[in-house]
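Input: a single structure, listed below in structure tokens.
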Amino acid sequence: ALGEVALVQIEYEVKPGKIVKVLSLDETGEIEKSWMSVFAKNKQGFNTSAFKWHIFSGGGYPSVNGEEARAEYFRQSAATFVVLPNEKGCAVITDRLPEFCNLSDYYVFPPNMAWVMAFTHEEGWLGPYFAKHPKYTMLCEENTRLIEKERKKAEAKQKGWM
């Protein structure tokens, strides 16, 4: 019924860190739409309905892949990270950069979409792929400010100021 909030059970595991929020299917759909508007604007002919990462493997959006993508991914930081399944399901927000997820196709990015890491079931042949938002530098600076704000908040809480 309208106005009811369904409890959402996720069917996958993300490590390390903890899941700070499970997004509803509607919220997941909104995030996916936003993601597509940034990274898959030119999706014609790339079959992104099967796998969104086809935009990268087909050259529709600039990205690096394989070990270069992995190295770039582990250099990133943000206060929180979105894990978006390729198949239908709920996205989650985690407090640490995921190093493991038991989904076969998924995407990790900060909420402001400064960058994305697309993990694929074809890894080793196709993927993973790392891509930057057109405003990557500005968005990364925003992420750095958020990390500092969260650090100060935690420090204040530890001192009993909050």
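Below is a table of values for the structure above.
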read-out: Dipole of the chain, positive direction: furthest Cα of ILE93, THR48, ASN143, with charges on the beta-carbon; value: ASN143
read-out: Neighbour net charge for SER104 - beta-carbon separation under 12 angstrom, K R +1, D E -1; value: -4
read-out: Among 20-31, 96-107, 117-128, the order from most to least packed when residues are scored by Cβ within 10 Å on average; value: 117-128, 96-107, 20-31
read-out: Under 22 Å, Cα to Cα: Lys pairs in segment 26-162, sequence gap 8 or more or different chains; value: 20
read-out: Of LYS15, LYS52, LYS135, the one that fluctuates the most in a GNM where the chain has Cα springs shorter than 10 Å; value: LYS135
read-out: Within segment 125-160, backbone nitrogen closer than 18 Å to the virtual label 7 Å beyond the Cα of GLU68 toward Cβ; value: 125-134
read-out: Cα centre as origin, Lys/Arg/Asp/Glu Cβ charges: segment 1-143 dipole, Debye; value: 300
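Values quoted throughout were computed directly from the atomic coordinates according to the rules given, and no laboratory measurement underlies them. What you see is a predicted model; the values in this text were computed from it and never measured. In this analysis, Cβ positions are derived from the backbone assuming ideal geometry, glycine residues included, and neighbour counts consider all displayed protein chains.
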